[in-house]
Each structure stands twice: as C-alpha cells, then as structure tokens.
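These notes are about the structure you will find just below.
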C-alpha cells in the first residue's frame, strides 16, 4: 500500500499559507504548511508521494534557493511556483530549474487545484514505479546464484534444453531450478518473468 500523498505549502505570508492549506484539505489531500523555507528544508523527509507549493520571494532562504538545495540533496518532488506580479522573472528561473508550473498571484482556485492534482498524480506514478523496482530488486536478490543464472538465460529467450547445454546440466536439473526460481519470484509465466527482469534491470 502506497503512503498518503502530501502537499507541502511554503510561503512567508501566513494568510496565503492558511488559504492554500484549507484548499488542499478540501480536495482530500494532506497539507503540511510552512512559513519558512529554511525550516522546511531542515524537516523535509521523502516518505511518499508529494508536491511542493512554493513562493519564490521570501525573507531568509528564497524559493529559488530552496529549489536548488532540494535538487542538490537529490530530492525530486514536483514544485508549483506561486509568485507576485513583480516576480515573474524569478518564476521563469524556477521553471528552468525544474519547477513543474508557476501561478501568478492572485490565482484562480480551480487553477491551483488542477495544478496540485496533476503534480500529485505524477509523483504517485513515480513513487509506484520506484516501489515496483524496489520490490523486483528484493525478489531477485533472494535468488541463489544458480537460480539467477537460469533466470537470465530464460529472460534472454533460451529454452530449457539450450540452458542445459550452456551450463552442462541435465534438462531436469534446469527445470527444477526454473521451478524454484519462478516460485521465489512469484511469477507463473515467461512474460511475467521478463517484465520483472526488466523492472529489476536484469536484462
């Protein structure tokens, strides 16, 4: 089961933070508000799908500086930039730095809702793919070297007879290894095995 998606709101204006936080909760998403980019950076941990609604101009650490600090730390959450009328140039810089979208204040409620839902959907998809990769890696990691060897041959399209000749084994021995390997991986067919092998980057 995937963790609940979280929408982080970072703006130095408490009224803006409160308004966006209430809006996020109205569309049934978890909202975590911050009025300081520095505090957000210190406390943020990547525990599940998320997006960040970020003001570009703030005292102390700016939105652009926070965006760069997150990227430098290897975090890759979708960022929606919100900006005042005079900060469009900074917003464009944020977009060049990888922000997903920017909205100019005052923005329409529906426009922000659509942006949030799109960002969360994309990050949920990314998180799901990462979970699939981790699961595949764990299952492949449970195989013995001999079982993994058979897996790689099967994924490459070789038959049991071809594998037996390649490894100097009997066909029955290959069949036994194949059965154990398939059982450990939780797959029942070669297409399922191939999909898992590709997810785990075995082929």
By how many nm would the segment from residue 22 to residue 103 lengthen if fully extended, with 0.36 nm per residue of separation less the alpha-carbon distance?
27.4 nm
Defining a contact as two alpha carbons under 8 Å apart and six or more residues distant in sequence, what relative contact order in percent does the chain show?
16 percent
Hey, can you rank 165-177, 148-160 by average C-beta count inside 10 Å, highest first?
148-160, 165-177
Taking Cα pairs under 8 Å and at least six residues apart, what relative contact order does region 142-199 come out at, in percent?
37 percent
Grab the Cα-Cα distance for residue 195 and residue 176, subtract it from 0.36 nm times how many residues apart they are, and report the gain in nm with one decimal.
4.7 nm
Under the Debye formula (equal points on every Cα, no solvent term), log10 I(q)/I(0) of region 1-74 at q = 0.21 Å⁻¹
-0.91
Residue 88 to residue 156: extension gain in nm, 0.36 nm per residue of separation minus the Cα-Cα distance?
19.2 nm
For the chain, what does -39500 (n - 2.57) per DSSP helix run (n ≥ 4), summed and divided by total residues, give at 222 nm, in deg cm²/dmol to the nearest 500?
-18000 deg cm²/dmol
Give me P(r) over the chain, computed from all C-alpha to C-alpha distances, binned every 10 Å, as integer percentages.
8, 29, 21, 12, 14, 11, 4, 0
Using a basic spin-label model with each label point 7 Å from the Cα along Cα→Cβ, how many nm lie between residue 183 and residue 45?
3.9 nm
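Just so you know, all these numbers are worked out from the coordinates, no wet-lab data involved. A quick note: this is a predicted structure, and the numbers were derived from the prediction, not measured. Methodologically, a virtual Cβ is constructed for each residue, glycine included, from the backbone with ideal geometry; neighbour enumeration extends over all protein chains shown.
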